[in-house]
């Protein structure tokens with residue numbers, strides 16, 4: 001199975017279902033928090049994951065990935081160029097799943113009511 005195949009079978013259907021389920025709760029505040037979480041996850045996981053792959057702690061098989069986005073830097077540093085694009089997608093998908101699952105445990109906020117004008 002390719003790495004994208006894994007996402008198509010296991011992670012993306014769950015992500016789509018959770019996104020649909022919580023679509024009414026996606027307001028600017030939660031979306032800003034989600035984007036902050038994504039930035040932290042990608043910025044902090046990228047060097048460690050690349051470093052582990054560069055050391056051979058784990059790797060990605062031949063022909064299972066589309067491309068390595070920073071492959072031209074792999075010879076210069078151990079912190080970039082050693083993981084495929086699907087791994088970066090995994091960071092984003094998993095962090096988004098965690099944020100959406102968190103909505104299950106947050107109290108539901110009532111929708112703001114539109115103000116009615118008093119009748120004369």
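Between residue 32 and residue 48, the simple label model (points 7 Å from Cα in the Cβ direction) yields a spacing of 2.7 nm. For residue 4 and residue 94, a Förster radius of 22 Å and the Cβ-Cβ distance give a FRET efficiency of 0.90, rounded to the nearest 0.05. Label positions at residue 14 and residue 79, each projected 7 Å from the Cα along the C-beta direction, are separated by 3.1 nm.
Counted by neighbouring Cβ atoms within 10 Å, the residues 82, 7, 24 run from fewest to most as 24, 7, 82. Only one item in (i) 0.97; (ii) 1.40; (iii) 1.17 matches Rg/Rh (Cα atoms, Kirkwood Rh) derived from the coordinates shown, and that item is (iii). Only Cα pairs under 8 Å and 6+ residues apart enter the sum, and on that basis the relative contact order of region 3-105 stands at 37 percent.
Readers should treat all values here as calculations from the given coordinates under stated rules, not as data from a laboratory. Small disclaimer: the values here were computed from a predicted structure and weren't measured. Heads up, the Cβs are rebuilt from the backbone with ideal geometry, glycines too, and the neighbour counts pull from every protein chain shown.
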